[in-house]
């Protein structure tokens, strides 16, 4: 497993159970709330189905942006903040490879200040979608915590990624942030110390909410997540 330098994420930023909400609405369905990492004129809508959600890009409310750079996190409404938590989802569908799936933990706004979050995202810069990015956010600014080449899990030959579904979990544990990724139709769930399927970094220690990230959705683009799960210690 290899790490990439901060140039990759810098380039990315330049390019880059409740009743269902109608697709034409940017408001989340009951039981969920949005947290915005990077704003823009475009909007997202979310619809629920069982233990999954579909997030759809909507037309912008103003001038069409040169890039679709909005990034949001969907969090459970009414959840209690926690320091140690795990969030999971199965990535089952995307419209384009440039749509960005992800997860988030420790999402908070301390003392009413800038939004804070730790995120995992599928890399979309340079079409290298087998890389996983770990970032720490403060408002619209971020710090790169780690970038990991997961081609040994999600790629057939180091260049062509395997088709979804991918199962991803992100865990915040004290001063550590880790993830694991596997292909649920091809292999069992790995342990958190499996060297081929997991990675860990140091991360800021604080309390917050866990949720599901979405970014880079042009109008009509969709991401589908199944089997959503959150646990807190």
Hits in segment 220-233 (condition: surrounded by 16 or more Cβ atoms within 10 Å (Cβ to Cβ), in a strand (DSSP E or B) and within 17 Å of the chain's Cα centre (by Cα)): 222, 223, 224, 225, 226, 228, 230
In segment 174-189, the residues that are farther than 16 Å from residue 229 by Cβ, surrounded by fewer than 18 Cβ atoms within 10 Å (Cβ to Cβ) and in contact with a strand residue (DSSP E or B) (Cβ under 9 Å, 6 or more places away or on another chain): 175, 176, 183, 188
Residue 135, sole failed condition from (1) in contact with a helix residue (DSSP H, G or I) (Cβ under 9 Å, 6 or more places away or on another chain); (2) at pLDDT below 95: (2)
Verdict on residue 217 being crowded, with 18+ Cβ neighbours inside 10 Å, out of contact with any helix residue (DSSP H, G or I) (no Cβ under 7 Å at 6 or more places or on another chain) and assigned to a loop (DSSP other than H, G, I, E, B): yes
Scan of segment 105-144 for residues that are under 20 Å from residue 196 (Cβ atoms) and assigned to a strand (DSSP E or B), ordered by number: 120, 122, 131, 132, 133, 134
Among (1) closer than 21 Å to residue 36 by Cα; (2) in contact with a helix residue (DSSP H, G or I) (Cβ under 8 Å, 6 or more places away or on another chain); (3) not in a loop (DSSP other than H, G, I, E, B), the one test that residue 206 misses: (3)
Long-range neighbours under 6 Å by Cβ, at least six apart or interchain, first residue closer than 15 Å to residue 153 by Cα within segment 189-211, second surrounded by fewer than 16 Cβ atoms within 10 Å (Cβ to Cβ): 196/152; 198/192
Any chance residue 78 is exposed (fewer than 14 other Cβ atoms within 10 Å of the Cβ) and farther than 21 Å from residue 180 by Cα: yes
Residues being part of a strand (DSSP E or B) and either modelled with pLDDT under 95 or under 27 Å from residue 184 (Cα atoms) (or both) - total across segment 58-104: 22
Segment 14-42 - residue that is modelled with pLDDT under 50 and not in a loop (DSSP other than H, G, I, E, B) and, of those, nearest to residue 59 (Cα to Cα): 15
Residue selected from segment 141-166 under the condition touching a helix residue (DSSP H, G or I) at 6+ places or on another chain (Cβ under 9 Å) and at negative phi, by the criterion modelled with the lowest pLDDT: 159
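The values are calculated or read from the model by the stated rules, or taken from the named source; none is laboratory data. Since we're looking at a predicted model, the values are computed, not measured. For neighbour counting, all protein chains shown are included, and Cβ atoms are generated from backbone atoms with ideal geometry for every residue, glycine included.
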